[in-house]
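The values are calculated or read from the model by the stated rules, or taken from the named source; none is laboratory data. Only a predicted model underlies this, so the values are computations on that prediction, with no experimental measurement involved. Positions of Cβ are backbone-derived with ideal geometry, glycine not excepted, and every protein chain shown enters the neighbour counts. For accessibility, only protein heavy atoms count, side chains too; no ligands or nucleic acids. Shrake-Rupley method; radii C 1.70, N 1.55, O 1.52, S 1.80 Å.
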Amino acid sequence: TEKIVEVTPTPEGGEKVVAQWNLGAEPPSLDPSIATDSTSIDVIENLFLGLTGFDTEGNIEPELATEWSASEDGLSYTFKMREDAQWVSYTPSGGVVELGPVTAFDVVYGSKRTCNPDTASDYAYVNYIIKGCQEWNTADTTALSPEEVQALADAVGVTAVDSYTVQFDINTPAPFFPAIAGMWVNRPQ
């Protein structure tokens, strides 16, 4: 299915942007926490910046992150983020574009939303490397009090250190973690 998308100029002015590509099928979901198929993931890759991405040779490179570091024990990764990435919200009835910054809080929300059992993400297991994700994702929340469920959510090891710094605490040292941090299931939402 070919889709043509027109984006109105930004409030600061500028030219219209038209994105065209031939998709093999209609994407079943554009929700980063829910998408499982290659068509949806391809569109998400074009709509949302990840903390990291891959260059043409398969090496991890900065995307939304400007830099990252691991703790000495390899159990914590800290990502410094660009401050120029903006959310764009288009209102069809008014044609208005509203801009707001993409922040570390949006990354935290997206990653934790993938771990949330209510989201029912088929790819939540990818985040089981993040402290507390598996415990929350596999919990029978119907048998728990709201306070117990909130405690599980709060124990997930992804936090905003400040507006443009996000930290992931993981269960085991994993030098490949920057690639996981950039996957579609951890996109800012």
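Listed here are the helices (runs of 4 or more DSSP H) enclosed by segment 87-189 that have at least 2 residues being open to solvent by 40 Å² or more (accessible area, probe 1.4 Å) and basic (Lys, Arg): 104-115.
Among the candidates VAL18, VAL7, which residue alone is touching a strand residue (DSSP E or B) at 6+ places or on another chain (Cβ under 6 Å), under 30 Å from THR119 (Cα atoms) and either aromatic (Phe, Trp, Tyr) or at pLDDT below 90 (or both)?
VAL7
For VAL126, the test of being in contact with a helix residue (DSSP H, G or I) (Cβ under 9 Å, 6 or more places away or on another chain) and touching a residue at least 12 places away in the same chain (Cβ under 8 Å) is passed.
Considering only residues that are in a strand (DSSP E or B) and open to solvent by 50 Å² or more (accessible area, probe 1.4 Å), which ones fall in segment 40-73?
Passing the criteria: PHE54, ILE60, GLU61, PRO62, THR66, GLU67, TRP68, SER69, ALA70.
Residue selection: ALA143 fails the criterion of being small (Gly, Ala, Ser) and within 25 Å of ASN46 (Cα to Cα). Does SER76 meet the test of being surrounded by 15 or more Cβ atoms within 10 Å (Cβ to Cβ), out of contact with any helix residue (DSSP H, G or I) (no Cβ under 7 Å at 6 or more places or on another chain) and under 14 Å from ASN171 (Cβ atoms)? When the stated conditions are applied, SER76 passes them.
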